[in-house]
1. Can you tell me which of (1) under 19 Å from the mean Cα position of the chain (by Cα); (2) closer than 30 Å to Q223 by Cβ; (3) in a strand (DSSP E or B) is the one P143 doesn't meet?
2. Anything in the range 257-279 that is at positive phi and either under 16 Å from the mean Cα position of the chain (by Cα) or outside any strand (DSSP E or B) (or both)? List them, or say none.
3. Can you tell me which residues in the range 220-236 are surrounded by fewer than 19 Cβ atoms within 10 Å (Cβ to Cβ) and closer than 25 Å to F276 by Cβ?
4. Which ones in the range 154-167 are farther than 10 Å from Y218 by Cβ and surrounded by 12 or more Cβ atoms within 10 Å (Cβ to Cβ)?
5. Among the listed residues A197, A168, A186, A154, identify the single one that is more than 20 Å from L12 (Cβ to Cβ) and of a type outside the set (D, E).
6. Looking at (1) crowded, with 17+ Cβ neighbours inside 10 Å; (2) under 16 Å from the mean Cα position of the chain (by Cα); (3) within 20 Å of L217 (Cβ to Cβ), which is the only condition F122 fails?
7. Just give me the residues in the range 44-53 being under 20 Å from H144 (Cβ atoms) and crowded, with 22+ Cβ neighbours inside 10 Å, in sequence order.
Amino acid sequence: MNSSPILDLAGLTLEVNHLARGVRFYSQVLGLDLVRHDEAAGVAEFAVNPHQTLTLWQPVTRQANDARLAPLRPRGASHIHYAWQIELDDLEPSKALLDAHGLEWQEINLGTEDRPDWTLYFFDPFGHGLELRAVDRADARQPHFPPMPIQRPAHALPVMGLREVALAFSDYAAMKERLPRAYGFALAKEQEDRDFAQFTLGPQPEPDGNGTPRRWLYAWDPQVGLADMLGGDHALVRFYADVDAVAEAVKAAGLPSVQDEQGLAVRDPEGHVFEFVAP
């Protein structure tokens, strides 16, 4: 089996209709560090940890949020479902923190009765679906940048980093063929009862669940998933990767792209824009 050039999850951009409200939510509820706030450009960027970012874009008429990516016509993700990594011992205290912020949440066991894998789901003010997923930092299945505890304010959720993003694809069969061929994503598995594919963000496909610190790309056709959450439309997601290897595959696939010293950005036929950067 060929090794995947995709190494890890680097960042995610969300579309919001009120930038200041988004800054308040992600600063206060998640305790993220704001590193850029440009109202005129409609951009706010947070440092999640030393290796990952979360960015908010408020669309501005006749203006690109990012001039470098403008040829690819990117947008921030709409109603995307994505997950955060959290220590197992922090799941229970997080319920009280969500209550204190007035946020409704739902707890679901993604494991089995004898080997549970509890996770919490809630929504941000813009309809993006967030998940808190416990990870075992001693697990051998480590991502390129292993999760580490981050000191957050006492009122904030103790998240360590981004775990996964879930994207919608209207042509599921074409997506399943294209993501490994055109980018090199490693297909780990599909669910038997629905159009749902899991791609490991690492050199080889691995099993998901039960505390793995690995990071993931989920892809499904337009459907409502767990906790009434949807896969994202027109998402902008950034990955750590062997950029030259991805660029070779993208060129062979004939996909529109921009490549410079910052990395490679590609517009997928479904309207998602993927960025690939060196670790």
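The values are calculated or read from the model by the stated rules, or taken from the named source; none is laboratory data. Please read these numbers as outputs of a predicted model, since none were measured by experiment. Because the Cβ atoms are built from the backbone with ideal geometry, glycine has one as well, and the counts that use them run over all protein chains shown.
1. (3) is the only condition that P143 fails.
2. G271
3. Step one: of the range 220-236, the residues surrounded by fewer than 19 Cβ atoms within 10 Å (Cβ to Cβ) are 221-228.
Selection gives D221 alone.
4. Across the range 154-167, the qualifying residues are A156, L157, P158, V159, M160, G161, L162, R163.
5. Values: A197 fails: more than 20 Å from L12 (Cβ to Cβ); A168 fails: more than 20 Å from L12 (Cβ to Cβ); A186 fails: more than 20 Å from L12 (Cβ to Cβ).
Selected residue: A154, the only one of A197, A168, A186, A154 that is more than 20 Å from L12 (Cβ to Cβ) and of a type outside the set (D, E).
6. (3)
7. Taking the range 44-53 and keeping what is under 20 Å from H144 (Cβ atoms), we get 47-53.
Selection gives V48, Q52.
So that you can scan it fast, the table gives a plain yes or no per residue for (1) in contact with a helix residue (DSSP H, G or I) (Cβ under 9 Å, 6 or more places away or on another chain); (2) not basic (K, R):
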residue: I86; (1), (2): yes, yes
residue: D89; (1), (2): no, yes
residue: E104; (1), (2): yes, yes
residue: T119; (1), (2): yes, yes
residue: A134; (1), (2): yes, yes
residue: R137; (1), (2): no, no
